[in-house]
Amino acid sequence: MKLASLKAGGRDGTLVVVSRNLARCRAVPTIARTLQAALDDWDALEPQLRQVYEALNGSSAGAGQAFDEAACASPLPRAYHWADGSAYVNHVELVRRARGAELPASFWTDPLLYQGGSDGFVGPRDPIWALREDWGIDLEAEVAVVTADVPMGASPARAAHTIRLLMLVNDVSLRNLIPAELAKGFGFYQSKPASAFSPVAVTPDELGRAWQDYKVHRPLTVHRNGVLFGQPDAGQDMVFDFTQLISHAAKTRELGAGAIVGSGTVSNKQGGLHGSAVVDGGVGYGCIAELRMYETIANGAPATPFLKFGERVRIEMLDAAGLSIFGAIEQTVLPYGQPSLSSV
């Protein structure tokens, strides 16, 4: 089943059921006005939503209304909880190696996780807003899950039963603000602005065989200004699966229905620690920082700049038939407050 939130209808949007091919959608106000409302009563409402989904897929082309990704907010325009992990340890190891730091052994057995701002996410076609270019604007292409209620101390086996939906994420980072924040020993804050999620959230069964071991085994494609930047496989080199990330997040607290847990930047070793850029025949990267670290290790200094105003980013995942699963995140980097186009 595929679900989205249209911007019309207030801060939390209007829940719509979306056809498998992302062509049509139907609002379901008599079932649930918002996605959060559906998640709050999922066991009772999911069968009703699925009936609409099956009818929408089986109907004629005129059923429902045309689905417009540019009209979407993030599936959850705001959420009670947003925690992002770093399940691809290669990403962490690469960044640390470039600055001459060793990776602690515990990073392979104990997940990294930070809690981000969730009072407002930007839509999948909204700008990446920033006040200054020299903050080091970077994209981070990720996968995330949305959970049901998760009890404190839930084991990975228990956490597996709480996964309701999956989405893509652009977890924007301001790289040049990170060192000073981490030096204070209190984590990210200013360096992590609002994230954007894919137009559509999907139930795990929509992924078919690509959903194995609680990982998504499909390439995550990233384009920068229309040029392929990376296509790492989200199922490869993911050291901690989503059940382990959820369990880690719930070690000392309950998670409420609608909690979002991210994978961290998708990163493949590609046969070695440093990976390889697309131009060198590799699968590339899910963020600019990794390419810059690769360049630093190989050549002594980074050559690829971070994002500048006017640049465009596209993040998408295709199924085995080449069809978009979640729709695309398409964003332009703009100075905060500048009028923006409705689509990239």
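Things worth noting here:
The rows are residues; the columns are (1) acidic (D, E); (2) in contact with a helix residue (DSSP H, G or I) (Cβ under 8 Å, 6 or more places away or on another chain); (3) at negative phi; (4) at pLDDT below 95.
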| position | (1), (2), (3), (4) |
| --- | --- |
| V16 | no, no, yes, no |
| A32 | no, yes, yes, no |
| P77 | no, no, yes, no |
| V89 | no, yes, yes, yes |
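- Annotation for the stretch 198-209: at least one member residue is at positive phi and modelled with pLDDT of 95 or more.
- Breaking point among (1) in contact (Cβ under 8 Å) with a residue 60 or more places away in the chain; (2) open to solvent by 20 Å² or more (accessible area, probe 1.4 Å); (3) more than 23 Å from Q115 (Cα to Cα); (4) of a type in the set (D, E, K, R), for D41: (1)
- Residues of the stretch 41-80 that are closer than 26 Å to V261 by Cβ, assigned to a helix (DSSP H, G or I), of a type in the set (A, V, I, L, M) and touching a strand residue (DSSP E or B) at 6+ places or on another chain (Cβ under 7 Å): L49 alone.
- Put simply, of A38, A101, A83 the only residue that is at pLDDT below 95 and either small (G, A, S) or in a loop (DSSP other than H, G, I, E, B) (or both) is A101.
- Filtered residues of the stretch 304-318 (kept if open to solvent by 50 Å² or more (accessible area, probe 1.4 Å) and among the charged types (D, E, K, R)): K308, R312, R314
- Candidate set from the stretch 3-20 (those that are open to solvent by 10 Å² or more (accessible area, probe 1.4 Å) and either touching a residue at least 60 places away in the same chain (Cβ under 8 Å) or among the hydrophobic types (A, V, I, L, M, F, W, C) (or both)); member that is farthest from H81 (Cα to Cα): R20
- Check on P29, farther than 30 Å from N299 by Cα, part of a loop (DSSP other than H, G, I, E, B) and open to solvent by less than 30 Å² (accessible area, probe 1.4 Å): no
- Among (1) farther than 24 Å from H81 by Cα; (2) open to solvent by 10 Å² or more (accessible area, probe 1.4 Å); (3) touching a helix residue (DSSP H, G or I) at 6+ places or on another chain (Cβ under 9 Å), the one test that K215 misses: (1)
- Criterion (of a type in the set (D, E, K, R), open to solvent by less than 20 Å² (accessible area, probe 1.4 Å) and touching a helix residue (DSSP H, G or I) at 6+ places or on another chain (Cβ under 8 Å)) met by exactly one of D110, D138, D134: D138
- When the helices (runs of 4 or more DSSP H) confined to the stretch 149-266 are screened for residues that are without any contact (Cβ under 8 Å) to a residue 12 or more places away in the chain and either touching a Cys at 6+ places or on another chain (Cβ under 9 Å) or aliphatic (A, V, I, L, M) (or both), those reaching at least 3 such residues are found at 178-183.
- Test: A23 is among the hydrophobic types (A, V, I, L, M, F, W, C), open to solvent by 20 Å² or more (accessible area, probe 1.4 Å) and touching a Leu at 6+ places or on another chain (Cβ under 7 Å): no
The values are calculated or read from the model by the stated rules, or taken from the named source; none is laboratory data. Since the model is a prediction, treat every value here as computed from it, not as a measurement. We place every Cβ from the backbone using ideal geometry, glycine too, and count neighbours over all the protein chains shown. What goes into the accessible areas is simple: the full protein's heavy atoms, side chains included, and nothing from ligands, DNA or RNA. Shrake-Rupley method; radii C 1.70, N 1.55, O 1.52, S 1.80 Å.
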